[in-house]
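The values are calculated or read from the model by the stated rules, or taken from the named source; none is laboratory data. In this text, all values refer to a predicted model and were calculated from it rather than measured experimentally. In this analysis, Cβ positions are derived from the backbone assuming ideal geometry, glycine residues included, and neighbour counts consider all displayed protein chains. Surface accessibility is based on the protein's heavy atoms, side chains included, excluding ligands, DNA and RNA. Shrake-Rupley method; radii C 1.70, N 1.55, O 1.52, S 1.80 Å.
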Amino acid sequence: MTRPVFRFAPSPNGALHLGHAYSALLNRQLAGETDGRLLLRIEDIDTTRCTPEFEAGIYRDLAWLGLEWEKPVRRQSDHFGDYERALETLVDAGLVYPSFLTRGEVRAMISDAEADGREWPRDPDGVPLVPSIERQLSERERKSRMAGGDPFAWRLNVDAALSHVGHSLSWDEQGAGPNGETGVMDARPDAWGDVVIARKDVPTSYHLSVVIDDALQAVTHVVRGRDLFFATGVHRLLQDVLGLPEPLYIHHDLVLGDDGRKLSKSHGDTGIAALREAGLTPEDIRRMVGL
Ligand code: GLU
């Protein structure tokens, strides 16, 4: 029997905080209980916000927590070619289209609609959806704007992708969603609109690289924060369209700050390095995250 494969996949765009520690330690614990392997993956496609210093901090903090992981570590920015190939498949299948809209243009459309008293649709994170109007651009207009050097992202035509799949999509949730959802979940990728598959600046996006890497690394158990629960719908759609295997999903509690909000870089005092410098031990950290 092949061993289960777990992964912890932080982005080096900030220092690790208690929420990351919880996720990493939980992955380690579940891998230990199932004789599984633990991989570390550096999700650094955002080449402007991710830095080698933050990446070094991740290794330091995880090692201090007593974690070990298999080497070499997969760093996404070393593998843009893998994502480009998957993108090409989607382009060839006609499931993605170039999107030239700027944030400013989208904002203007939203304020016009709201000024008319129309409610603008939002994604599960509460972010206004980008309208899918560029699905209708003619091939000629696309080509001429691309040739003219107009910056564009590639967006998934979610309706075309869903009809291409031709059946409903689900995933096996062994953790829980924000409302306690567990078991076989209905995947609703359409709730996110036409998501970006490749950004204007890099030939991939979070959604594309996460499904490619989970498949290339033969990940069987995706253990991650509950904030990514609904995004799993997008991941299932991409997996199906690209012929990738379906892992199990375990979405875990988020460690919240004293103000009850999701931890971020602004919660400086919950940073692992800051807590270490303040004299806390790895055991203290485990206790703080309830492990
Ligand atoms: N890189 C993502 C993050 O740091 C995690 C992605 C995942 O686990 O699927 O939030």
Fill in the blank from the handout: Among strands (runs of 3 or more DSSP E) completely within the range 136-186, the ones holding 3 or more residues that are more than 30 Å from Leu256 (Cβ to Cβ) and in contact with a helix residue (DSSP H, G or I) (Cβ under 8 Å, 6 or more places away or on another chain) are 153-156
Completion exercise
Note on Gly290: of the conditions (1) surrounded by 14 or more Cβ atoms within 10 Å (Cβ to Cβ); (2) at pLDDT below 95, unmet is (1)
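Taking the range 168-185 as the search range and keeping residues that are under 21 Å from Gly126 (Cβ atoms) and in contact (Cβ under 8 Å) with a residue 40 or more places away in the chain, which one is least open to solvent (accessible area, probe 1.4 Å)?
Taking the range 168-185 and keeping what is under 21 Å from Gly126 (Cβ atoms), we get 176-181, 185.
Within this subset, residues satisfying the condition of being in contact (Cβ under 8 Å) with a residue 40 or more places away in the chain are 176-178, 181, 185.
Working: Ala176: 22, Gly177: 3, Pro178: 72, Glu181: 45, Met185: 23 Å².
Once the filter is applied, the top-ranked residue is Gly177.
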Practice task
Say whether the condition of being in contact with a strand residue (DSSP E or B) (Cβ under 6 Å, 6 or more places away or on another chain), at pLDDT 95 or above, away from the ligand (no atom under 13 Å from the Cβ) and under 18 Å from Arg199 (Cα atoms) is met by at least one residue in the range 69-81.
Solution key: no
Practice task
Find the residue count for the range 245-271, including only residues that are within 14 Å of the ligand (Cβ to nearest atom) and modelled with pLDDT of 95 or more.
Solution key: 6
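For the range 147-167, check the following and say yes or no: at least one residue is more than 25 Å from the chain's Cα centre (by Cα), surrounded by 11 or more Cβ atoms within 10 Å (Cβ to Cβ) and over 25 Å from His252 (Cα atoms). If you could, list the steps in order and put the result at the bottom.
Taking the range 147-167 as the starting set, the residues that turn out to be more than 25 Å from the chain's Cα centre (by Cα) are 147-150.
Then drop every residue that is not surrounded by 11 or more Cβ atoms within 10 Å (Cβ to Cβ), which leaves 150.
Now restrict to residues that are over 25 Å from His252 (Cα atoms): 150.
There is at least one residue in the range 147-167 that is more than 25 Å from the chain's Cα centre (by Cα), surrounded by 11 or more Cβ atoms within 10 Å (Cβ to Cβ) and over 25 Å from His252 (Cα atoms).
Look through Val241, Val223 and report the one residue that is open to solvent by 10 Å² or more (accessible area, probe 1.4 Å), touching a residue at least 24 places away in the same chain (Cβ under 8 Å) and either under 19 Å from His20 (Cα atoms) or not polar (S, T, N, Q) (or both).
Working: Val223 fails: open to solvent by 10 Å² or more (accessible area, probe 1.4 Å).
Result: Val241 is the single residue among Val241, Val223 that is open to solvent by 10 Å² or more (accessible area, probe 1.4 Å), touching a residue at least 24 places away in the same chain (Cβ under 8 Å) and either under 19 Å from His20 (Cα atoms) or not polar (S, T, N, Q) (or both).
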Handout entry: Out of Leu156, Leu169, sole residue that is of a type outside the set (Lys, Arg) and in contact with a Lys or Arg (Cβ under 9 Å, 6 or more places away or on another chain)
Key = Leu169
Fill in the blank from the handout: By residue number, the members of the range 212-231 that are within 9 Å of the ligand (Cβ to nearest atom) and either in contact with a helix residue (DSSP H, G or I) (Cβ under 6 Å, 6 or more places away or on another chain) or not acidic (Asp, Glu) (or both) are Val222, Val223, Arg224, Gly225, Leu228, Ala231
Exercise for the section: Spot the failing condition for Ile197; the list is (1) within 15 Å of the ligand (Cβ to nearest atom); (2) open to solvent by less than 10 Å² (accessible area, probe 1.4 Å); (3) touching a Leu at 6+ places or on another chain (Cβ under 6 Å); (4) aliphatic (A, V, I, L, M), and only one is missed. Expected result: (1)
Problem - Filter pass, Gly279 being away from the ligand (no atom under 16 Å from the Cβ), of a type outside the set (S, T, N, Q), assigned to a loop (DSSP other than H, G, I, E, B) and farther than 20 Å from Arg85 by Cα - result: yes
Handout entry: Every pair of residues 6+ apart whose Cβ atoms lie under 6 Å, when the first sits in the range 77-106 and is acidic (Asp, Glu) while the second is open to solvent by less than 50 Å² (accessible area, probe 1.4 Å) and not in a helix (DSSP H, G or I)
Key = Glu84/Pro203
Practice task
Return a yes/no flag: does the range 248-266 have any residue that is buried (at least 17 other Cβ atoms within 10 Å of the Cβ), within 24 Å of Ser77 (Cα to Cα) and touching a residue at least 24 places away in the same chain (Cβ under 8 Å).
Solution key: no
Exercise for the section: Would you tally the residues in the range 34-69 being more than 17 Å from Ile212 (Cβ to Cβ), assigned to a loop (DSSP other than H, G, I, E, B) and open to solvent by less than 70 Å² (accessible area, probe 1.4 Å)? Expected result: 8
